[in-house]
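The structure appears right after this line, and notes come after that.
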Amino acid sequence: MNEYDSDRIRNALNLETTTHPEKADIVIINTCSIRQKADQKALSSIGKFKHLKARKPEMIIGIAGCVAQLYGDKLLDKIPHLDLVLGPRSIPRLPTIISQIEKEKRRCVETSLDVEEVFEIEPYHEEGKVTAFVSVQQGCNKKCTYCIVPYVRGNEINRPTTKILSEIGNLVIKGVKEVTLIGQTVNSWRDNGYKFSDLLRKVAELEGLERIRFTTSYPRDVTKRMIDSMRDTRKVCRHIHLPVQSGSNKILSLMKRTYTKEWYLDTVNKLRDSIPDIAISTDIIVGFPGETEEDFENTIKLLNEAEFNNIFSFKFSQRPGTPASEFCEKENVSETDANRRLSRLQELQREITFRKNQLNVGSTQEVLVEGEGRSNSNWIYGRNTYNQIVHFPGSAPLKGVVAKVKITEGLQNSLRGELLNKN
């Protein structure tokens with residue numbers, strides 16, 4: 001979502017970009033506040049421009065995104081060299097705001113969540129790139145107790161079907177072969193009687209588009225219609241990211257995740273019954289306030305039962321203003337215990353992922369070629385339908401082609417193979 005918003009900021013400004021900050025007229029740091037580390041990293045990045053601003057006072061320095069929304073005008077007090085604080089919903093207003101700053105020589109804070117033109121600015125698309133993100137939704141209504149997103153991105157707003165299809169159509173004209181539909185709870189999307197399952201089918205009708213992905217799904221919004229749509233629509237990739245967060249029913253209740261471990265596993269089974277080869281990844285938080293060793297062991301059991309292809313795992317990060325931040329005073333998990341639990345969780349998942357990756361050896365898979373390898377220009381890479389990176393010998397002209405690749409090695413984080421032919 002932040003990458004998508006950064007490209008929207010670039011399009012809104014419609015200015016030449018530079019890799020040399022000292023040459024810039026405008027510098028905007030787009031930020032994330034989902035965890036404290038990201039929050040601190042963003043503020044540290046702004047600090048790096050203090051001396052540059054002193055040498056070039058006319059330069060406009062701004063902070064955008066969720067950190068901007070979270071702290072608002074407090075940032076102007078804390079950071080004297082900052083000119084602009086811009087919330088994520090205010091990106092369409094950026095050209096007007098920049099003009100005001102230049103004309104009136106004043107600092108500006110724009111963090112309203114009541115913005116009608118939320119989706120008006122589409123993102124900049126790099127020439128030659130064959131994949132793209134497409135936002136179908138802003139904000140979230142779920143109100144999980146640990147999550148800052150509803151506070152910094154507002155309540156759920158669903159983008160109209162026609163606007164989504166128009167953006168994707170324009171991307172296909174530019175050479176895009178694969179789109180990822182993005183939203184905070186993307187599968188809760190609705191529009192005039194259409195549900196997410198209908199959107200998948202509608203997008204699949206666009207000629208020239210090879211593949212459709214989506215993220216992030218909310219477990220409670222995985223319906224039979226959605227599963228059927230994934231199964232029946234050839235262009236929809238065989239992968240779903242389905243955050244579970246914990247294997248303890250007690251912790252899930254404290255998180256207000258609205259489901260139990262048993263219910264979640266039943267949904268996983270329904271997905272696998274309908275789409276036997278589907279790859280499933282998830283998010284897990286350890287060290288949530290009140291999490292005991294027994295609660296953590298239940299999460300370990302969940303990993304062994306679900307056998308996810310991949311997980312994104314984190315220590316609980318207290319976010320200001322969320323209900324979970326109040327839990328910390330009485331039931332905080334020590335840093336030592338949280339670190340130990342995270343290490344054990346990740347080690348187990350590495351074993352599961354490696355084993356699953358090795359099962360691919362000998363199979364023939366379709367890989368959308370995305371570009372050349374970083375360390376060797378004689379190799380190219382892409383992703384298979386299961387969202388795994390595949391490296392294999394080849395050349396740049398194959399970029400954008402769905403190639404048939406025989407998998408020869410299953411590594412920890414990727415696969416290797418050899419090119420058979422191309423579609």
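The values are calculated or read from the model by the stated rules, or taken from the named source; none is laboratory data. Not measured: the values here are computed from a predicted model. Glycine gets a Cβ as well: all are built from the backbone with ideal geometry, and neighbour counts include every protein chain shown.
Observations on the structure shown:
- Qualifying residue in region 328-351 (condition: in the same structural domain as Val152 (by TED's automatic domain parsing) and touching a residue at least 60 places away in the same chain (Cβ under 8 Å)): yes
- Subset tally (residues that are of a type in the set (A, V, I, L, M, F, W, C) and either surrounded by fewer than 17 Cβ atoms within 10 Å (Cβ to Cβ) or touching a helix residue (DSSP H, G or I) at 6+ places or on another chain (Cβ under 8 Å) (or both)) for region 334-370: 7
- Subset of region 102-145 (residues that are among the hydrophobic types (A, V, I, L, M, F, W, C) and under 28 Å from Gln245 (Cβ atoms)): Leu113, Val118, Phe133, Val134, Val136, Cys140, Cys144
- Count of region 18-30 residues which are in contact with a Ser or Thr (Cβ under 8 Å, 6 or more places away or on another chain) and not in a loop (DSSP other than H, G, I, E, B): 2
- Search result, residues across region 233-260 that are of a type in the set (Lys, Arg) and either outside the structural domain of Pro289 (by TED's automatic domain parsing) or surrounded by 21 or more Cβ atoms within 10 Å (Cβ to Cβ) (or both): Arg257
- Residue match in region 197-211 (condition: hydrophobic (A, V, I, L, M, F, W, C), farther than 30 Å from Gly400 by Cβ, crowded, with 20+ Cβ neighbours inside 10 Å and touching a residue at least 12 places away in the same chain (Cβ under 8 Å)): no
- Condition met for Asp277 (in contact with a Ser or Thr (Cβ under 6 Å, 6 or more places away or on another chain) and not aliphatic (A, V, I, L, M)): no
- Here the condition is being closer than 29 Å to Gln36 by Cα and in contact with a His (Cβ under 6 Å, 6 or more places away or on another chain); of Asn309, Asn332, Asn387, it holds for Asn387 alone.
- Checked against (1) at pLDDT 95 or above; (2) surrounded by fewer than 15 Cβ atoms within 10 Å (Cβ to Cβ), Tyr71 passes all but a single condition, namely (2).
- Test set (1) at pLDDT 95 or above; (2) crowded, with 19+ Cβ neighbours inside 10 Å - Gly394 fails condition number: (1)
- Ile60 vs. criteria surrounded by 18 or more Cβ atoms within 10 Å (Cβ to Cβ), over 27 Å from Ile164 (Cα atoms) and either in contact with an Asp or Glu (Cβ under 9 Å, 6 or more places away or on another chain) or in the same structural domain as Thr215 (by TED's automatic domain parsing) (or both): yes
- For region 104-125, residues that are modelled with pLDDT of 95 or more and of a type in the set (D, E, K, R) total 2.
- Region 217-232, subset buried (at least 16 other Cβ atoms within 10 Å of the Cβ) and among the hydroxyl-bearing types (Ser, Thr, Tyr), residue farthest from Gln138 (Cα to Cα): Ser229
- Scanning region 205-242 for residues that are in a helix (DSSP H, G or I) and either of a type in the set (Asp, Glu) or over 20 Å from Cys144 (Cα atoms) (or both) turns up Asp221, Lys224, Arg225, Met226, Ile227, Asp228, Ser229, Met230, Arg231, Asp232.
- Annotation: of all residues in region 12-32 being buried (at least 16 other Cβ atoms within 10 Å of the Cβ) and in contact with a Pro (Cβ under 9 Å, 6 or more places away or on another chain), the one that is nearest to Gln318 (Cα to Cα) is Asn30.
- Taking the numbered list (1) in a strand (DSSP E or B); (2) assigned by TED's automatic domain parsing to the domain that holds Thr180; (3) farther than 30 Å from Leu171 by Cα in turn, Phe312 passes all entries but (3).
- Elements of the type strands (runs of 3 or more DSSP E) sitting completely within region 44-133 and holding at least 2 residues that are without any contact (Cβ under 8 Å) to a residue 40 or more places away in the chain: these cover 60-65, 108-110.
- Residue in region 186-203 that is in contact with an Asp or Glu (Cβ under 6 Å, 6 or more places away or on another chain), farther than 29 Å from Ser313 by Cβ and part of a strand (DSSP E or B) present: no
- For region 395-421, a residue qualifies if it is acidic (Asp, Glu) and in contact (Cβ under 8 Å) with a residue 40 or more places away in the chain, and exactly one does: Glu409.
- Residue match in region 170-190 (condition: in the same structural domain as Phe327 (by TED's automatic domain parsing), of a type in the set (Phe, Trp, Tyr) and under 22 Å from Cys237 (Cβ atoms)): yes
- Segments classed as strands (runs of 3 or more DSSP E), wholly inside region 322-393, with at least 3 members that are of a type in the set (D, E, K, R): 364-372
- From the options Arg213, Arg159, Arg201, Arg220, residue that is farther than 29 Å from Cys66 by Cα and not hydroxyl-bearing (Ser, Thr, Tyr): Arg201
- When we screen Arg220, Arg234, Arg225, Arg190 for residues that are over 27 Å from Gly128 (Cβ atoms), free of Cβ contacts under 8 Å to residues at least 40 places away in the same chain and more than 22 Å from the chain's Cα centre (by Cα), the only hit is Arg225.
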